[in-house]
1. Just the residues that are under 20 Å from G445 (Cβ atoms), outside any helix (DSSP H, G or I) and away from ligand 2 (no atom under 16 Å from the Cβ), please, taken from region 390-425.
2. Within the group L383, L334, which residue is out of contact with any Cys (no Cβ under 6 Å at 6 or more places or on another chain), within 30 Å of T267 (Cβ to Cβ) and within 16 Å of ligand 3 (Cβ to nearest atom)?
3. Assess whether R26 counts as being touching an Asp or Glu at 6+ places or on another chain (Cβ under 8 Å), among the charged types (D, E, K, R) and over 21 Å from F162 (Cβ atoms).
4. With respect to V358, is the statement that it is in the same structural domain as G240 (by TED's automatic domain parsing), touching a Pro at 6+ places or on another chain (Cβ under 8 Å), in contact (Cβ under 8 Å) with a residue 24 or more places away in the chain and surrounded by 20 or more Cβ atoms within 10 Å (Cβ to Cβ) true?
5. Could you go through region 337-347 and let me know if any residue there is in contact with a strand residue (DSSP E or B) (Cβ under 8 Å, 6 or more places away or on another chain) and among the β-branched types (V, I, T).
6. Any residue at all in region 54-62 that's touching a helix residue (DSSP H, G or I) at 6+ places or on another chain (Cβ under 8 Å), assigned to a loop (DSSP other than H, G, I, E, B) and in contact (Cβ under 8 Å) with a residue 40 or more places away in the chain?
7. Can you name the strands (runs of 3 or more DSSP E) wholly within region 106-191 that have at least 1 residues being among the basic types (K, R) and surrounded by 14 or more Cβ atoms within 10 Å (Cβ to Cβ)?
Amino acid sequence: MFWNELRLTPINIVDGRPAHYLGLMRDVTVRKRALDHVEQNARIDLLTGALNRNAFADELTRLAGEKSAPMLVAKIDVAGFHEINSGYGYDAGDAVLRQIAERIRSVGFAIVSRTGSNEFAVVQPLGHPNNTLETINLIRSALASDFLVSGATINIRFAIGFVVGVSALDGTKLMRQADSALRRSKSSNFLDVSEFKAEDEMRSRNRIRMTREMQQALENDEFGFQYQPKIDLSTGAIAGGEALLRWRHGLFGTQLPGSFISHAEDTGLILEISRRGLRAVADFAARINQGRSRALNISINVSAIEFRHRDMPAFVDEVISASSVDPRWITLELTESKMAESSPAMIAIMTRLRSLGVGLSIDDFGTGYANLRYLEEFPITELKIDRSFIRGLGQSRSKNIIVEAIVRLSDELGFQIVAEGIETQEECARLRDLGCHFGQGFLFGKAIDPEAFAEVVAQTVAMSATRTNDDK
Ligand code: C2E
Ligand code: MG
Ligand code: MG
């Protein structure tokens, strides 16, 4: 047997009609096989041998058209895959993905696909919708035992989202619904199994609406900062301020970061928000420090996403060069809980940032990994003790001990220390006794608009000027 290509040419034309045909047959088996191979490869994920995302969509649509119902579509997310890659190396990550695909395939689903870097999907027509949980449990037990990677056994957790189509099956819709359910599983702390619910779709729609609204807000310049004073606890004078992001929403008024930052991070909009943000803060720092003998330091919060997606030192350098600010007047705050492990790359980035002259602060210290190695390895200038240690400081012996230890450590290592969230005189007095240099909190003032902050700063300058005149 061989594949052939036949070409027919009429010959001996008599009265306009051919008397014979000349046929030329060629063996094109090799070419045909090569084409099939290419076509097949375009549908297969080369790493795991499962269908790729495009082929999955095609196959699901085809199967949905053939079957009337019911049909299970499940998506499976490998939790913490990034850590496997960074902890064991990419080869180990690849090996894990291959093992996962193998185990899922062994269950015998109609369709198995790798739909994302660490995401799989399966489709199975069910005899009856009651068989759903049984089928899901087959996936769970196939994936339950430890995985063997480069000589180590690791336990991997999975999030699963699924939907069962029971009538008028629409492949695209089922895929979208399984996706929404998976998103809910991933966002729960327990990373378990979620079945699609109508609210999931609502949430997805809200997310889309929110993204659009935030893009619009960027265009309309609705993001801006308020500034909260940072106080020198030994003198009570303003030593600087922290820029806190605010969204002045046309309809819902001022929105605090808690209601939109994580969304901005998920969608990448944070990059544009903070690009404009750093410029605004640099210009503000330049403005309030004009003619001051002792400069005020303004801090700005930066997101871990920014470190992942842009060359931070180059970006900060560019912004500072375009402004008349002295880099020493700016401090970048990184939230401890969101900081990556202290990789050599991260240390190099921070060192470059420090060489520009900007300060580096670890925010919410004590809430994250509290890895003391950070303090030794990162070229930081400031630690901010999280407000959970400050609340009720007067009444808690353990909080006192912890805060005192952090203050001592910072003194030894040469960092400036700032206590966050000071609300009472008692907390303030305790902190002063414990040797904490700076403080921030509602006791001294909430974040206020730039104009108001500039005015407060100008007044304190005027006051200290009068005082020195009086002293004379
Ligand atoms: P953070 O950097 O730790 O900022 C301190 C938060 O504590 C602020 O909330 C502030 O209003 C609040 N706070 C200050 N003093 C007190 C107090 O005495 N008591 C209490 N209960 N709260 C106090 P806010 O403005 O809602 O900001 C929340 C978080 O959002 C910030 O925590 C920071 O992680 C993030 N964030 C703020 N602005 C930005 C930004 O421009 N970029 C990024 N990436 N994140 C930001
Ligand atoms: Mg902060
Ligand atoms: Mg904080």
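1. R391, E423, T424
2. On the way: L383 fails: within 30 Å of T267 (Cβ to Cβ).
Unique residue meeting the criteria: L334.
3. Details: touching an Asp or Glu at 6+ places or on another chain (Cβ under 8 Å): yes; among the charged types (D, E, K, R): yes; over 21 Å from F162 (Cβ atoms): yes.
When the stated conditions are applied, R26 passes them.
4. Working: in the same structural domain as G240 (by TED's automatic domain parsing): yes; touching a Pro at 6+ places or on another chain (Cβ under 8 Å): yes; in contact (Cβ under 8 Å) with a residue 24 or more places away in the chain: yes; surrounded by 20 or more Cβ atoms within 10 Å (Cβ to Cβ): yes.
Yes.
5. Here is the first cut: in region 337-347, the residues in contact with a strand residue (DSSP E or B) (Cβ under 8 Å, 6 or more places away or on another chain) are 337, 339.
Narrowing the set further to residues that are among the β-branched types (V, I, T) leaves none.
Looking for residues that are in contact with a strand residue (DSSP E or B) (Cβ under 8 Å, 6 or more places away or on another chain) and among the β-branched types (V, I, T), one finds none in region 337-347, hence no.
6. There is no residue in region 54-62 that is touching a helix residue (DSSP H, G or I) at 6+ places or on another chain (Cβ under 8 Å), assigned to a loop (DSSP other than H, G, I, E, B) and in contact (Cβ under 8 Å) with a residue 40 or more places away in the chain.
7. Details: elements: 111-116, 119-125, 147-149, 152-154, 158-165.
Of the strands (runs of 3 or more DSSP E) lying wholly inside region 106-191, those with at least 1 residues that are among the basic types (K, R) and surrounded by 14 or more Cβ atoms within 10 Å (Cβ to Cβ) span 111-116.
Here is a yes/no grid of residues against (1) at pLDDT below 95; (2) within 16 Å of ligand 2 (Cβ to nearest atom); (3) assigned by TED's automatic domain parsing to the domain that holds I76:
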{"site": "N189", "(1), (2), (3)": "yes, no, yes"}
{"site": "E201", "(1), (2), (3)": "yes, no, no"}
{"site": "S204", "(1), (2), (3)": "yes, no, no"}
{"site": "D232", "(1), (2), (3)": "no, no, no"}
{"site": "G240", "(1), (2), (3)": "no, yes, no"}
{"site": "R246", "(1), (2), (3)": "no, yes, no"}
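The values are calculated or read from the model by the stated rules, or taken from the named source; none is laboratory data. Being a predicted model, the structure only gives us computed values, none of them experimental. Methodologically, a virtual Cβ is constructed for each residue, glycine included, from the backbone with ideal geometry; neighbour enumeration extends over all protein chains shown.
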